[in-house]
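Q: Take a look at this one; I'll ask things after.
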């Protein structure tokens, strides 16, 4: 089982769109896939038309009072299950803090479904917190969407330092540009100028397209409702670049 | 799930299926058996999705119905409610609604199991042993008939194997049942079934080599697996030659008459009055199992480090007799002890089987090599076969070492107590 987290300290950079579309593509390719919506805003849960509710809330999951298998929901797509978000996830830091190994608990929970899934996606909330530390330890790959802007790169530097300073196993960090607008000179400059020697940056750029915004309206992944669209093709290219071999 | 199987002639082995999830799922289940056409139906599938107010699918309903009204023999239309993970309650409600509409819920699984369970638990221990024996012999005759067409058409190797098992079971039943069966059984039918068994042996032996060849090729250390190709071709030629007299005999009027006479004999046996003064099925079963067990223990105890292979082969035959006794007597002996006895015996049988296979195969490979050399086979093939013989040598020594432990375990006090439990009530 491989774990891939879509993560960024900043919000509104395309984490959820990426998690939803890549999870869909992973499942479509035959991998048994789970998407865990860790963000209490529950956007990924909403896009799969699942109700954002977990019996007992995040506390029941973290304490093990309720096995995560009991909270799983099938999506409308073969091979793709969802562990929905719950508003109580806003307190997940506190729940993890009460656990025995506060930074390892998420990995322990995922281990209980390791036989059931080939691929797990974690859609993370935007922050640096105990949840983030858990995500770092539980993930094989940290997929970081970046809006091509100077402040984004600054935040990305903070993130890479955070990963480098963390103890124990560290995920591979893969950045990619998201919501890019080639008509903007600044976007072009940032994409062309990013230092690719320090970290892995995917070649695929996800453009800012209205069809991606329509995901919330259509409540489905782009390749499901617009399979021939440019956005679907971009996500397919990105998945081809980052999917574990 | 649909799979395109155009241009495929049935019966066929699973590897003839196109690669994909269907082939992947079927291959491990069917193993070396061929897929045969059991029925030919054209079906139409409809899938309906039940959605909640968010438009989320919470259950899937599949309608599977005959594609044309002319399919009178086809199984009837059925609706299946597929539960989606996390939406069990919704699927239950969908089922209730459908039942409420007047649809009849189909039975799931179970039926077959209960049928086989009732088969193995029905005979009264007090009935004459002849009744139990006749039922067992009839089952074996049915198995022979069932497997004969597949054997003649060479659908796969297991039709012959199952046919031989039925013949061996018949022979073992006749032998075990001597005290309870008429003398004619011994004088006429025991030799007849021995001849029938012997007739099938050469092809089965060759089948075993052909089936084992892929495993054997993994034993090679220096030779290339392809070096065994001439051996495979040689075995195929021998098998084709050995099948000709077997098929001719089984298609002959003489064999047809033998089967008809045997059926008549069993009918006559079944029609005999169940008067008193005969040994009961329960008493006969207990005595037969104990006698067969003692023969195994005596035979095993006589085995020494320098005992020839033929003695071990003889012991293996005694083990098979005990196994058949346990099977034939199954309707009148306690299920638990019988299953444990079979499990204990199986370990000993496995070791003896390996011992004999190694011994026989070593000699056979030597014989094949000599035949192939006269046909001008390559040195590489002979050298590869030499490696196989070396491997069998080592395995035989290993199995011989394991024999003492396996036999001690089988003949130990717990096994003895188990064998004496038979007859202790069901």
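What follows is calculated from the coordinates using simple rules that are stated; it is not laboratory data. Remember, predicted model here, so these are calculated numbers, not experimental data. Reconstructed Cβ throughout: ideal geometry from the backbone, glycine too, with neighbour counts over all protein chains shown.
Q: Just to verify a number: FRET efficiency for residue B:146 and residue B:254, C-beta to C-beta distance, R0 = 22 Å, to 0.05? Walk me through the numbers before you get to the answer.
A: Details: r = 21 Å, r/R0 = 0.95.
Efficiency computed from Cβ-Cβ geometry: 0.60.
Q: Quick check on segment A:2-242: what does the Kirkwood estimate of hydrodynamic radius come out to from the alpha carbon pairs, in Å? Please list the in-between numbers first.
A: Working: mean 1/r = 0.0557 Å⁻¹.
Here the Kirkwood hydrodynamic radius works out to 17.9 Å.
Q: Using only C-alpha positions, report the orientation-averaged shadow area of the convex hull of segment B:280-426, nm², one decimal.
A: Values: hull surface 41.0 nm².
Reported value for the Cα convex hull: 10.2 nm².
Q: Applying a 10 Å radius around every beta-carbon, put B:219-226, B:394-401 in order of their mean neighbour count, most first. Don't skip to the answer; put the middle values down first.
A: Details: B:219-226: 13.4, B:394-401: 15.4.
Answer by packing, highest mean first, reads B:394-401, B:219-226.
Q: Out of the DSSP beta bridges found with both residues in segment A:64-178, what percent are antiparallel (nearest 5)?
A: On the way: 2 of 8 bridges.
If we restrict to bridges inside segment A:64-178, about 25 percent are antiparallel.
Q: On a 0 to 90° scale, report how tilted helix A:150-165 is relative to the longest principal axis of chain A, with both axes built from alpha carbons and the result rounded to the nearest 10.
A: Helix A:150-165 and the main axis of chain A meet at about 40 degrees.
Q: How far apart, in nm, are the 7 Å Cα→Cβ label points at residue B:15 and residue B:339?
A: 3.6
Q: Over the residues of the protein assembly as shown, compute the C-alpha Rg and express it relative to 2.2 N^0.38 Å. Can you show the working numbers first?
A: Working: Rg = 34.6 Å, N = 671, 2.2 N^0.38 = 26.1 Å.
Rg over 2.2 N^0.38 Å, computed on Cα atoms: 1.32.
Q: Using the Kirkwood radius built from alpha carbon pairs, what does the Stokes-Einstein equation give as D for segment B:128-276 at 37 °C and 0.692 mPa s, in µm² per second? Could you put the intermediate results ahead of the total?
A: Numbers: Rh = 17.3 Å.
Rounded, D is 190 µm²/s.
Q: Could you compute how fast segment A:81-187 diffuses translationally, taking Rh as the Kirkwood radius over C-alpha pairs and applying Stokes-Einstein at 20 °C with viscosity 1.002 mPa s? Give it in µm² per second. Numbers along the way, then the final one.
A: On the way: Rh = 15.5 Å.
Here the translational diffusion coefficient equals 138 µm²/s.
Q: Report, in deg cm²/dmol and to the nearest 500, the calculated mean residue ellipticity at 222 nm for chain B, where each DSSP H run with n ≥ 4 adds -39500 (n - 2.57) and the sum is divided by the residue count.
A: -22000 deg cm²/dmol
Q: Against the longest alpha carbon principal axis of chain A, how many degrees, from 0 to 90 and to the nearest 10, is the axis of helix A:15-28 turned?
A: Taking Cα atoms only, the helix is inclined about 80 degrees.
Q: OK, next. Just for segment A:2-242, what percent of DSSP beta bridges are antiparallel, to the closest 5? Don't jump to the answer; show the numbers that get you there.
A: Working: 2 of 29 bridges.
Of the beta bridges lying entirely in segment A:2-242, close to 5 percent run antiparallel.
Q: May I ask you to give the average projected area over all directions of the convex hull of the Cα atoms of chain B, in nm² rounded to one decimal?
A: On the way: hull surface 119.3 nm².
Averaged projected area of chain B's Cα convex hull equals 29.8 nm².
Q: Cα convex hull of segment B:227-341: mean projected area in nm², to one decimal? Each step should come with its number before you reach the end.
A: Values: hull surface 52.6 nm².
For segment B:227-341, the mean projected area of the Cα convex hull comes to 13.2 nm².
Q: A further question on this structure: Give me B:22, B:155, A:144, B:351 ranked fewest to most by other Cβ atoms within 10 Å of their Cβ, as a rough exposure proxy.
A: On the way: B:22 16, B:155 20, A:144 29, B:351 24.
Lowest count first: B:22, B:155, B:351, A:144.
Q: Moving on. Could you work out how far helix A:230-242 tilts from the main Cα principal axis of chain A, as a 0 to 90 degree angle to the nearest 10?
A: In chain A, helix A:230-242 runs at an angle near 70 degrees to the longest axis.
Q: Another question, then. How big is Rg to Rh over segment B:357-426, alpha-carbon atoms, Rh as the Kirkwood inverse-mean-distance radius?
A: Details: Rg = 20.7 Å, Rh = 15.2 Å.
Value, to two decimals: 1.36.
Q: Using Cβ counts within 10 Å as a stand-in for footprinting exposure, how do A:167, B:346 rank, fewest first? Each step should come with its number before you reach the end.
A: Values: A:167 9, B:346 14.
Fewest-to-most ranking of A:167, B:346: A:167, B:346.
Q: Over the Cα atoms of segment A:78-132, compute the convex hull volume and normalise it per residue, giving Å³.
A: On the way: hull volume 5.1 nm³, N = 55.
Looking at segment A:78-132, the number lands at 93 Å³ per residue.
Q: Using only alpha carbon positions, build the gyration tensor of segment A:5-81, then give the equivalent ellipsoid semi-axes as the square roots of 5 times its eigenvalues, largest first, whole angstrom.
A: Details: eigenvalues 83, 59, 24 Å².
Computed over segment A:5-81, the values are 20, 17, 11 Å.
Q: Over chain B, what is the mean sequence separation of C-alpha contacts under 8 Å (at least six apart), divided by residue count, expressed as relative contact order in percent? Write out the running numbers ahead of the final one.
A: Values: 425 pairs, mean separation 61.6, N = 426.
It comes to 14 percent, rounded to a whole number.
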